């Protein structure tokens, strides 16, 4: 059976796979271009993307904008025909500036989560850039759709529904994460598919729903496609690739991880997160104050005066493999990554598994 393509407006990806944006510096132009060339949607993370520029500590906003432009241009040079996106967290203090820079560079898609990106349609006005909110509930999807419809006469070009098994910051309370049955990704997907129907009717077009969080194999992809989604977003699998922009030390955290090492943490930004436990996180959990001074001002709602450590500094250390000063965000299945492969080999593996899964379903239905 033929694998369905992923269509977002006039953009058509050969494979229904979006590589999740991972920051700080885990998915940059190298990984995004490789995924785009392999038929998926490659995504650059815009979170503190200028961290490696000399001017970052003195003029962070300008450094981030410059680095974003540089990575978009480099990704396009490496991937002239593929689909490329950027993930820009709504919670970033320079969210609007980063969106405008991405639009200026003619990025194909902007993915926006970590809050409600209510002003996003106005920021991309008169451009061809598609806008895709990332939500963790049907309520959030409904709020965004209603607001965009009322204020901008626009509906999302697609919606990513991220469930409780994802890595990084999570849009759930700790209690919800402990009660996965009520917040399961299949239920969330079905709820969002229902919420968007009136908006699809009004605008006369499909709003593709993308499932994200805990998806690991081609069989997983097939299961979600059978639920009515148009594609999936995967982050963890792409860390285990040669093209991932993280350091070897960061990737080694995944290769060494056991199931019990994947833990929930309390982030300084007030949201729970999922990461691979290490000595740094052990110190934090025991009350050690790693840092008290903030020199990044990266997130609108961070409270550095009460934080036990600086999240930006910790993630920058981790990207460089300096794990004594940071940690690796990861999804629930990170412990299953046992080797590094090329992006093309990973996409081929997922495609073969998806094809086999679809063939089995077709055979079962015919018997």
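The values are calculated or read from the model by the stated rules, or taken from the named source; none is laboratory data. The shown structure was predicted, so the numbers you read here are calculated from the model rather than taken from an experiment. Every residue, glycine as well, gets a Cβ built from its backbone with ideal geometry; the counts of neighbours run over all protein chains shown.
Out of the residues in the range 279-297 that are in a helix (DSSP H, G or I) and surrounded by fewer than 17 Cβ atoms within 10 Å (Cβ to Cβ), state the one that is modelled with the lowest pLDDT.
Filtering the range 279-297 for residues in a helix (DSSP H, G or I) gives 279-285.
Adding the requirement that they be surrounded by fewer than 17 Cβ atoms within 10 Å (Cβ to Cβ) leaves 279, 282-283, 285.
Numbers: 279: 93, 282: 92, 283: 90, 285: 85.
Applying the filter and picking the extreme gives 285.
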Please specify each residue of the range 328-347 satisfying the condition of being surrounded by 15 or more Cβ atoms within 10 Å (Cβ to Cβ) and in a helix (DSSP H, G or I). 334, 335, 336, 343, 344, 346, 347
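Filter the range 129-166 down to the residues that are touching a residue at least 24 places away in the same chain (Cβ under 8 Å), out of contact with any helix residue (DSSP H, G or I) (no Cβ under 6 Å at 6 or more places or on another chain) and assigned to a loop (DSSP other than H, G, I, E, B) and list them by number. Working first, answer last.
The first filter runs over the range 129-166 and keeps only residues touching a residue at least 24 places away in the same chain (Cβ under 8 Å), leaving 129-138, 140-145, 147-149, 151-152, 154-166.
Pick out the ones that are also out of contact with any helix residue (DSSP H, G or I) (no Cβ under 6 Å at 6 or more places or on another chain) and you get 130, 132, 134, 136-137, 140, 143-144, 147, 149, 151, 156-158, 160, 162, 165-166.
Those that are touching a residue at least 24 places away in the same chain (Cβ under 8 Å), out of contact with any helix residue (DSSP H, G or I) (no Cβ under 6 Å at 6 or more places or on another chain) and assigned to a loop (DSSP other than H, G, I, E, B): 136, 137, 156, 157, 158, 165, 166.
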Please tell me if residue 4 is surrounded by fewer than 21 Cβ atoms within 10 Å (Cβ to Cβ) and not assigned by TED's automatic domain parsing to the domain that holds residue 167. yes
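Working only within the range 68-91, note down all residues that are more than 16 Å from residue 28 (Cβ to Cβ) and surrounded by fewer than 22 Cβ atoms within 10 Å (Cβ to Cβ).
As a first pass, look at the range 68-91 and keep what is more than 16 Å from residue 28 (Cβ to Cβ): 80-81, 83, 90-91.
Scanning the range 68-91 gives 80, 81, 90, 91.
Among the listed residues 25, 42, 46, 50, identify the single one that is crowded, with 21+ Cβ neighbours inside 10 Å, assigned by TED's automatic domain parsing to the domain that holds residue 342 and under 20 Å from residue 211 (Cα atoms).
On the way: 25 fails: under 20 Å from residue 211 (Cα atoms); 46 fails: under 20 Å from residue 211 (Cα atoms); 50 fails: under 20 Å from residue 211 (Cα atoms).
Being crowded, with 21+ Cβ neighbours inside 10 Å, assigned by TED's automatic domain parsing to the domain that holds residue 342 and under 20 Å from residue 211 (Cα atoms) holds for just one of 25, 42, 46, 50, which is 42.
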Take residue 177 and decide whether it is surrounded by fewer than 24 Cβ atoms within 10 Å (Cβ to Cβ), in contact (Cβ under 8 Å) with a residue 40 or more places away in the chain and in a helix (DSSP H, G or I). yes
Could you list all residues from the range 191-223 that are within 17 Å of the chain's Cα centre (by Cα) and under 16 Å from residue 8 (Cβ atoms)? 208, 209, 210, 211, 212
If you take the residues in the range 55-67 that are farther than 19 Å from residue 107 by Cβ and in contact with a helix residue (DSSP H, G or I) (Cβ under 8 Å, 6 or more places away or on another chain), which one is surrounded by the fewest Cβ atoms within 10 Å (Cβ to Cβ)? 55
Sort through 352, 348 and tell me the only one that's assigned by TED's automatic domain parsing to the domain that holds residue 52 and more than 22 Å from the chain's Cα centre (by Cα). 352
